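Reading through the structure tokens given below for one structure.
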Amino acid sequence: MTAVALRAEGLSKRFGDTDALRDVTLEVRPCEVVGLVGENGAGKSTLLKLLAGVIEPDVGQIILRGAPVRWRKVRDAADAGIGMMFQEPSLIPGISVAENILLAHEGPGVRLGIVRWRKLFALARVWLVKLGMTISPAAATQSLSFSERQLVAFARALAVEARTREAPILLLDEPTSALDDRGVAAVLQTVKALRTRASVVFVSHRLEEILRVCDRIYVMKDGRCLAEREAGTLTVEALEQLMVGHEISTDIARDAARPNMAASVCLEVRELSRRDKYADVSLALRHGEVMGIAGAAGSGCEELCRTLFGIDAPRSGTMLLDGRTVALRDPADAVAHGIGYVPAERASEGIIGAMSVAANMTLAHLARFCGRWAIDRRREQDVAERWIERLRIATPSATTRASDLSGGNQQKVALAKWLVGRQPRVLILDHPLRGLDVLARRDILETIRELARDGVGIVIVADSLDELLAVSDTVVVMRDGRVSARYSIAEDRPTRQAILESMV
Amino acid sequence: MRQELAEFGAAAVRLVFALALAGAALPARAQALCEKSQIRLVNSMREITQPYHVNLNKGGRMFARWAGLEDNYVLQLNQGDSDKQIALMRSILATNPKCTVFNVEPNADVVMKPMVDTADRTGAWIVTHWVLNRGLHPFEGHDHWIAHVAVNSQAVGVAVSEQLVAAMGGKGGIVALQGRLDTDPAQKRFAGLKAVLAKHPGVTLLAEQPANWDRRAAFPIMQAWLAKYGDRIRGVWAANDDMALGALEALRAAGLAGRIPVVGVDGIPEAIAAIDRGEMTATVSSDAFYQGSIGLAMGTCVLTGQAPPPQTWAKEQREFFLRVVVITKDNAAHHAKEPAVDAYAGEWRCDNLWSRATGPAF
Amino acid sequence: MGTVGPAKQPDGNDRFAIGGGRSGAGSGIATGLAPVAVLVALVLAISAFSPSFLSAYSLRVLAAESSVILLLAIGQTIVVILGGIDLSMAALASLTSVIVALLLPELGAGAVLGALCIAALIGALQGLVHARAKIPSFIVTLAGLGLWSGIALAIANTTVPVAGRYEVIGWLDAHAWGVPNAFVLGLAMLGLFQAALARLRFGRHVYAIGMAERVALLSGIRVWRVKTLAFAASGLCSGLAGVVMVARTSSGNPTIADSLLLPSIAAVLIGGTAITGGHGSLARTLIGVCIVAVMRVGVAVAGIAPAYEPIAYGALVVIAVAITVDRKSIGIVK
Amino acid sequence: MSGGVAAVLGGLRTSGPLLALLALTVGFALADSGFATLANLRIILDSAAVPLVLAVGMTFVIRQGSIDLSIEGLMAACSLVFALAVANDRTQFDLGWLGLPVAAAVGAVFGLATGLIVTRLRVPSFMATLGLGSVGLGVAMLLSGDQPPLVRDTPLRQWALGQTFGVPNLALAAAACLVGGFFVEQFTRLGRYSYVVGGAESVARVSGINVDFYKVVVFAFAGLMAGLAAAMESARLGLGHVEIGAGQMLGTITAVVIGGTSLSGGSGSVLGSAVGVLALTVLANGMVFVGAPPHLEKAIQGAIVLVAAVLAGWHVRDRLRIVK
């Protein structure tokens, strides 16, 4: 039994002309949880993919339990007990939960190529139970909610444990990023429990989580490994400092001036209901107000946002913009009425990776960039560059493919889409900070405040309450599809605790 | 050729007249337009997977060998693609157009005008078969369109239908399998059936469906009819042998093969064999070997100067109906055998190019 | 084609595929030039068999031959970039040819314009049904294929010769300065739509929908409108193809163009336009059309035995695509 | 019952081909008394047999996100091989029943080639199969030569044309293929992975599944089915013919898609496809029964395909549903 379970030595990897990883060395000891932090694009995901055999290193080697190894396929790594949970959505919609969990290593669930369903379900149930999930292994995956999917993906990573007699090594790439507080708790619980029999590499942007579960922490930046620390010796602030190299403050500089309550209502909904999603929701959003909507998964706040943007029609209830009743037939109507929407699933709903940054920005209001005949490329370019500057988007040029940008910058582009051309009347942000690093978070939160100052009404759903409290003027809490509490930050200064209680 | 069609008795008379006229028009010799070795013989047809087309090709090759031009024989297949048939003709004319002879089985009558225009424009020579656009004739200023060898599809339809009605004893219901509806033979042959039915009120047409000349398509249609009409079906009429054979297999599946008369058109070997076995009643052959060769023969005669330039020919030599043969049990054995060259040599002679003409087709 | 679940990456933009270093070989330039290379190689090979193949005459024949396929391929390209497919184009072209041939004598130029409008409307209708009823374009246009050719057969169940006023379209069969006018028409349409795709809002939206329809929807693009327009365009192209057909054969026929469907689609894909949508251009399609035309006629002219013709054609198609397909833009080969 | 099966039944219920099938059947039965008879049922089953075998193979291909346009060429080649392998009027071979596996094997080889071209050369299956179909056609033409070979193997012909317990033998064979296909789909790794590959190929790859292998196998399987179908059709018609598969390609794809397998892959079942095949067969058969005006037959079929698709898809319409 060696002292090191998994060791990466001088790993380097280039994609095209960018160094994703430069001479990174780190080690994971048996039965410890190693935290991996760093801004977007620091190379965390690349490192994990290298360790899991998804991609091969250009330079350097991987040493597993004392012996150097070269992964030819993902399968080799998995057979050696290395399980990875990807940041990207990675479940197959068409098959059952059990198949997803045991994908590519069904073990006794498949004998001679023949599937033995009962056995398969039994095997899968074990992992679901470990995560305290009640869903049936036979359930169709497409019927799961987003956070349920996330947990199933986690279960899949756990499942490698069954493949090897050695202690497994789990690589978790932001397992909590899409989860509500309850889900997060479940995951952290499991990770803690794992410490007794497995090694874990844990990536997250939520530094408090990292500090809570990790024994040691590696800090990465620009593809390099900056520092290694014992978790016990650290505070969130110190860690942030390590990450960005200089002092920064997460809490947004708030304008003292609250939106005066005389400001007219820009968006109002009355008794809005949608079958088994939400019911009798009534809200009034004023110009210049930031309304945070808090709610656990299944509370219906995401669905509400989608309705406000005309994606799903409400079953009943009315919606008014500046006092006039409107019926949104589709998102196009919403946009025409000056409503903007930044979706939670950036990759598949927010931006078009294959299109240039500029093209992504002007997608929603292209008409405003057309001359008499054609698109005015120069104006498009100029405006794009202005916003790249204003939102501090890190991109070589306005013509770069959006998929070449880091997550945070992609999110800024998705946001800019609604700011170019004309200012929106209402902006709906669905988890705008998901998976972003500290700096990106701060930039976006600041932008939100600026927009509010300019009189835009903003509805925001966020993962962590801290963020909501940091940016919102009013917080609406939803539980099981109904509004369970409303707070005005200015007047009744709600505590995190109070909100949590009205959530669950 | 023992059994001539009654219809064509009168036509034969006109044929004699035509030949006489032709004789009058024939000077001893015109001067040769090409070195014989330069003559290129092109047979343009749909494909060579169907027996009919196989025989077209064989006929053409047979003539080329007989004329000592086998190396100059070119086969062009369009795979049922009209546009391609035109394109193929135009592309081969990049070289030596003046000495090229086309014997064309048109994929659809739409290709006729473009192809004859191409001939006129490039100076190539062309003989066409089967169908003709209304208002398009070789003798109307198309000097390089040697002739159009038409087949009187209506007469064919009549002939075969007569056989069917006779076999049925003049009464009972029949079903009809049509060919590709947008083709002239399909419609004319069916018109022939209608004409015969009009003369025999005892025979009723229970149903008609297009099966696109296709055996596979005919099979399930026939099955459905058997289910619907059962023993009310006393006869099966098909616009070609392939469909007739498809229907025959459907009958076989129902244990009725040989018990219900079936007629088709084309005279393909399989059909002739079926007639010999008594499972089919009759088919009509336009003799693919002859159709595949006669155009090349005409062209060769013109180019070698053994026949005068076409514009001097009589109208009914430029556009005439081809004699067809009804094949029944009596003469099936004879037609089952593959013909030898000498069976045709006489009809390829430049002074005897109209031996099977049965009168003007305009 | 089909529905994309929320858990799925947008087509042609697969983060695993790229992150996993599976983005395939060939830089943009290389894949851009590959089709040209294939074309040149093909022409040289064939002219080795029959030297006359490179003569001005043969090339003109080739151009004339490819003009119909070109028109069909132009429309098809737009639809394919959109992420769909239009199986009805050939049938629609046939239908148009019948209408034109029937009405030309009475209405003259009016007949042509009318027929083109009808074709465009039919295309738009298909686009509308596809986008509004949310039926895969494959199915809608498959049904269209049956409908339109059935109607064409019902209108005129055989060839309709142009009984008069042929001169109105006759010029399409002629050629000026050695270039067939029909081909020039094709090039004109190509330029027109290329401009629309590259410079107009419509074009930007077409690419956006092809790359990530969901994002386009959530950006407030009225996707159904764009789709309807795109299919109207392909309908118009079908119509023009039909008109050229009439000019070529001086008659209309309810099945005349049917055999050109697969060749025209092949031309689009051989050009390197991704069938997954979002990537491709009409310039590429032009090369693709030339390649297909050369293969269709060239293989036959090269004097290969008939039975080997389809074998050669099939092999060439596979090889051509193997060389020209832009693997970079197709994250995953389906 | 397995979750997979349950999911399939759920899918069937919602995908609506059953509705279309029932509507058609009832409609034709009302239109013509002779339609809803045992005799006609037999005939419908008989004519559905070959398309069904094809559809089983096609379902796997489409479900993994590919498409197979080579059916017609494959059938041509296999049909000729079959006809020449069993007792016939051209060659001395007389393999008898072995002819079926031989033809199937030839199909499988073609499928294998497709698979390798798609996975190794990374040519989209759309074009790969288009090309190989053409190759198959050429091979068939070579084998066909002067004249289509006639099948002279009496037991085979009698089997193909005969019935057992009043059910056409071909229909029984097709049913066997269907059951086999269903088993493979629901109870084997191969079948389950065809969902995975179609659902999210990239995920399958990073999960360590040998995607290329399974793709190739599926193409080979489809080829095998095409070969079998060709052999059945040849035995039934009594000859090997180049155009034996004419028109089968679009028909099969339509049936599969109508049956609820989305062209983007990752969903659908052979059961749905079977219903789709039956719907189209009933349609064709019914057209003959009511003697639909020949000119309009194609048009009406197109219209009904459209309506069926609309009915099938209407209830799942949703503003964010992406359909290409």
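What follows draws every value from the coordinates through simple rules; no lab data is involved. All of these numbers come straight from a predicted model, not from anything done at the bench. Cβ placement follows ideal geometry from the backbone for every residue including glycine, while neighbour counts extend to all protein chains displayed.
At a glance:
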item: Ordering of D:180-190, C:161-171 by packing [mean C-beta count within 10 Å, highest first]; result: D:180-190, C:161-171
item: Dimensionless Rg ratio for segment C:59-150, taking C-alpha atoms and the 2.2 N^0.38 Å reference; result: 1.18
item: Global form of segment B:154-285, assessed from the alpha-carbon gyration tensor, a/c cut-off 1.5; result: rounded
item: Whether segment B:302-357 is rounded, prolate or oblate, judged on the alpha carbon gyration tensor where a/c under 1.5 counts as rounded; result: oblate
item: Candidates B:Cys99, B:Cys34, B:Cys301: whichever shows maximal mean-square fluctuation once chain B is modelled as a Gaussian network with Cα springs under 10 Å; result: B:Cys34
item: 5 Å-binned pair-distance histogram of segment A:352-421 (Cα, whole percent); result: 4, 20, 34, 25, 13, 4, 1, 0
item: Percent of alpha-carbon pairs separated by more than 15 Å within segment D:237-297; result: 62 percent
item: Scaled radius of gyration (Cα, divided by 2.2 N^0.38 Å) that chain D gives; result: 0.99
item: Computed helical MRE - 222 nm, chain A, DSSP H runs ≥ 4 contributing -39500 (n - 2.57), nearest 500; result: -8500 deg cm²/dmol
item: Reach of A:Lys13 by Cα under 15 Å, taken over aspartates and glutamates that are not fewer than 8 positions away in the same chain; result: A:Asp23, A:Glu56, A:Asp58, A:Asp222
item: Convex hull volume per residue for chain B, taking Cα atoms only, in Å³; result: 120 Å³
item: Size of charge dipole - the protein assembly as shown - debye, nearest 20, with Cβ of Lys, Arg +1 and Asp, Glu -1, no other charges; result: 1040 debye
item: Residues of type lysines that A:Lys192 reaches as a straight line, Cα spacing below 28 Å, ignoring anything fewer than 8 places off in the same chain; result: A:Lys44, A:Lys49, A:Lys130, A:Lys221
item: Rg [Å, one decimal], Dmax [Å, integer] - the protein assembly as shown, C-alpha atoms; result: 36.2, 122
item: Segment C:20-324 - percent relative contact order, Cα under 8 Å, separation 6 or more; result: 35 percent
item: Dipole axis of the protein assembly as shown (+1 Lys, Arg; -1 Asp, Glu on Cβ), positive-most option in C:Val160, A:Ala344, B:Pro269; result: A:Ala344
item: B:Lys171-D:Thr164 pseudo-label distance in nm [points 7 Å out on the Cα-to-Cβ vector]; result: 4.5 nm
item: Segments C:311-319, B:244-252 sorted - mean Cβ within 10 Å per residue, highest first; result: B:244-252, C:311-319
item: Set of lysines with alpha-carbon distance to B:Lys188 below 19 Å, sequence-local pairs under 8 removed; result: B:Lys199
item: Amide H contacts under 5 Å for A:Arg224, placed H, 5+ residues apart; result: A:Arg22
item: Proxy reagent accessibility, fewest Cβ within 10 Å first, across A:Ile63, C:Ile151; result: A:Ile63, C:Ile151
item: Order of C:Cys237, A:Cys214 - criterion: other Cβ atoms within 10 Å of each residue's Cβ, fewest first; result: A:Cys214, C:Cys237
item: Phi to ³J(HN,Hα) by Karplus 6.51 cos²θ - 1.76 cosθ + 1.60 over segment A:491-500, Hz, x for Gly, Pro; result: 6, 8, 5, x, 8, 3, 4, 4, 5, 3
item: Taking D:Lys215, B:Lys171 and counting other C-beta atoms within 10 Å, the order from fewest to most; result: B:Lys171, D:Lys215
item: Length-normalised contact order of segment A:352-421 in % [C-alpha pairs under 8 Å, at least 6 apart]; result: 49 percent
item: A:Glu501-D:Ala39 pseudo-label distance in nm [points 7 Å out on the Cα-to-Cβ vector]; result: 8.3 nm
item: Estimated [θ] at 222 nm from DSSP helical runs (n ≥ 4, -39500 (n - 2.57)) normalised by residues in chain B, nearest 500; result: -14000 deg cm²/dmol
item: Placed amide H near A:Ser484: partners under 5 Å, 5+ positions off or other chain; result: A:Val477, A:Met478, A:Arg479
item: Relative compactness, chain C, computed as alpha-carbon Rg over 2.2 N^0.38 Å; result: 1.00
item: Alpha-carbon gyration tensor eigenvalues x 5, square-rooted, for segment A:1-157, Å; result: 31, 18, 15
item: 14 Å cut-off, amide nitrogen to a point 7 angstrom out along B:Ala198 Cα→Cβ, residues in segment B:250-268; result: none
item: Share of alpha-carbon pairs per 5 Å distance bin for segment A:362-499, given as whole %; result: 2, 9, 17, 19, 18, 13, 9, 6, 4, 2, 1, 0
item: Amide proton proximity set for B:Thr204, modelled H, under 5 Å, gap of 5+; result: B:Gly172, B:Gly173, B:Ile174
item: Net dipole in debye of segment B:122-271 [+1 Lys, Arg Cβ; -1 Asp, Glu Cβ; about Cα centre; nearest 20]; result: 660 debye
item: Inter-probe distance in nm under a simple model that places probes 7 Å from Cα toward Cβ, at C:Ala174 and C:Ala37; result: 4.3 nm
item: Peptide B:94-103 - average C-beta neighbours from other chains (10 Å radius); result: 2
item: FRET efficiency for A:Asp58 and C:Ala305, using Cβ-Cβ distance with R0 set to 41 Å, rounded to 0.05; result: 0.20
item: Rounded to 5, percent antiparallel among DSSP beta bridges of the protein assembly as shown; result: 45 percent
item: Distant alpha-carbon pairs in chain A (separation over 30 angstrom), percent; result: 51 percent
item: For peptides B:233-240, B:340-347, C:189-196, sequence by mean Cβ density within 10 Å, most packed first; result: B:233-240, C:189-196, B:340-347
item: Phi-based couplings in Hz for segment A:23-38 (Karplus 6.51, -1.76, 1.60; Gly and Pro marked x); result: 6, 8, 10, 8, 9, 10, 8, x, 6, 9, 10, 9, x, 10, 10, x
item: Number of partner chain Cβ atoms within 10 Å, mean per residue of A:136-143; result: 4
item: Range of Cα positions in segment C:140-276 per principal axis (Å), largest first; result: 53, 40, 27
item: Backbone HN-Hα couplings from phi across segment C:317-322 [Karplus 6.51/-1.76/1.60, Hz, Gly and Pro as x]; result: 4, 4, 4, 4, 5, 3
item: Inter-chain shielding of D:243-253 (mean C-beta neighbours from other protein chains, 10 Å cut-off); result: 3
